[in-house]
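Input: a single structure, listed below in structure tokens.
Please treat every number below as a calculation from the coordinates, not as lab data. Worth saying up front: this structure is predicted, and the values here are computed from it rather than measured. In this analysis, Cβ positions are derived from the backbone assuming ideal geometry, glycine residues included, and neighbour counts consider all displayed protein chains.
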Amino acid sequence: MAVLYRLSQNKMEGSKAYGKWYAQAVMTGVVDTNALATIMQRNCTVKKADILAVITELIETMQDQLQDSKRVKLDGFGSFKIGIENEKGGALTAAEFSASKNVKGLHVLFLPEVKTDSTGMRQKTFITGCSVQEAPKNLVDTTKPKDGEGSGTSTGDNTQSGGSTDTGGDNQGGGSTIPGEGD
């Protein structure tokens with residue numbers, strides 16, 4: 001199996017990487033809990049209904065434990081914890097800090113499990129043995145633009161100004177996919 005990619009050009013003016021091309025992961029679909037349970041039922045002796053019951057309970061239990069300020073570690077998978085997003089600038093002193101004024105929100109952090117191989121190399125378990133391959137239908141138009149036309153890329157390119165413009169990209173909600181940008 002391989003992770004598919006498409007070419008994406010950095011169009012952020014002023015960026016050191018402006019105009020350069022990068023690989024951007026392409027998602028070909030979504031596998032929801034029901035679909036996972038169906039696949040898992042085919043691969044083991046546990047029934048789909050039992051798998052769905054366990055996953056549903058896992059989600060509820062994880063929510064309770066995370067909200068009780070615990071880290072949840074799923075062996076072979078990774079660990080989750082809740083992080084706090086603070087208002088920019090922070091409080092000048094500890095006495096001036098107030099959760100209602102200084103805490104902007106909460107978010108869930110996920111850290112995939114890492115294994116060390118025989119050479120001492122650390123690798124996340126989800127990508128061990130994974131490769132990349134160009135998507136069969138690349139959304140990049142490599143023809144030169146005619147006078148008065150756009151940049152020569154299709155509407156499926158990543159504009160790097162707020163996220164992917166197609167529904168197949170993995171950069172939903174903003175953020176840079178350019179190495180060294182936005183880190």
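Net charge in the neighbourhood of residue 41 (other residues with Cβ under 14 Å of its Cβ; Lys, Arg +1, Asp, Glu -1) is +2. Packing-based ranking of 120-130, 1-11, 72-82 yields 1-11, 72-82, 120-130, ordered from highest to lowest mean Cβ neighbour count within 10 Å. Sorted largest first, the principal axis extents computed over the alpha-carbon atoms of region 31-70 equal 36, 19, 13 Å. Fully extending the segment from residue 107 to residue 91 would add 3.7 nm, taking 0.36 nm per residue of separation and subtracting the current Cα-Cα distance.
Cβ-Cβ distance of residue 99 and residue 57, R₀ of 25 Å, FRET efficiency by 1/(1 + (r/R0)^6): the value works out to about 0.20.
Taking 7 Å steps out from each Cα toward its Cβ at residue 114 and residue 69 produces label points 2.7 nm apart. Dipole check for region 71-130: with +1 at the C-beta of Lys and Arg, -1 at the C-beta of Asp and Glu, and the Cα centre as origin, the magnitude is about 20 Debye.
Charging the Cβ of each Asp and Glu at -1 and of each Lys and Arg at +1, and nothing else, the dipole of region 17-86 about its Cα centre rounds to 320 debye. When the Cα atoms of region 71-130 are aligned to their principal axes, the ranges along those axes come out at 51, 20, 18 Å in descending order. Among the listed pairs 73/115; 20/88; 81/124; 73/101, which are separated by more than 21 Å between their Cα atoms? Going by Cα-Cα distance, 20/88; 73/101 fall outside the 21 Å limit. Provide the FRET efficiency to the nearest 0.05 for the residue 28-residue 84 pair, computing r from the beta carbons and using R0 = 41 Å. Efficiency, rounded to the nearest 0.05: 0.70.
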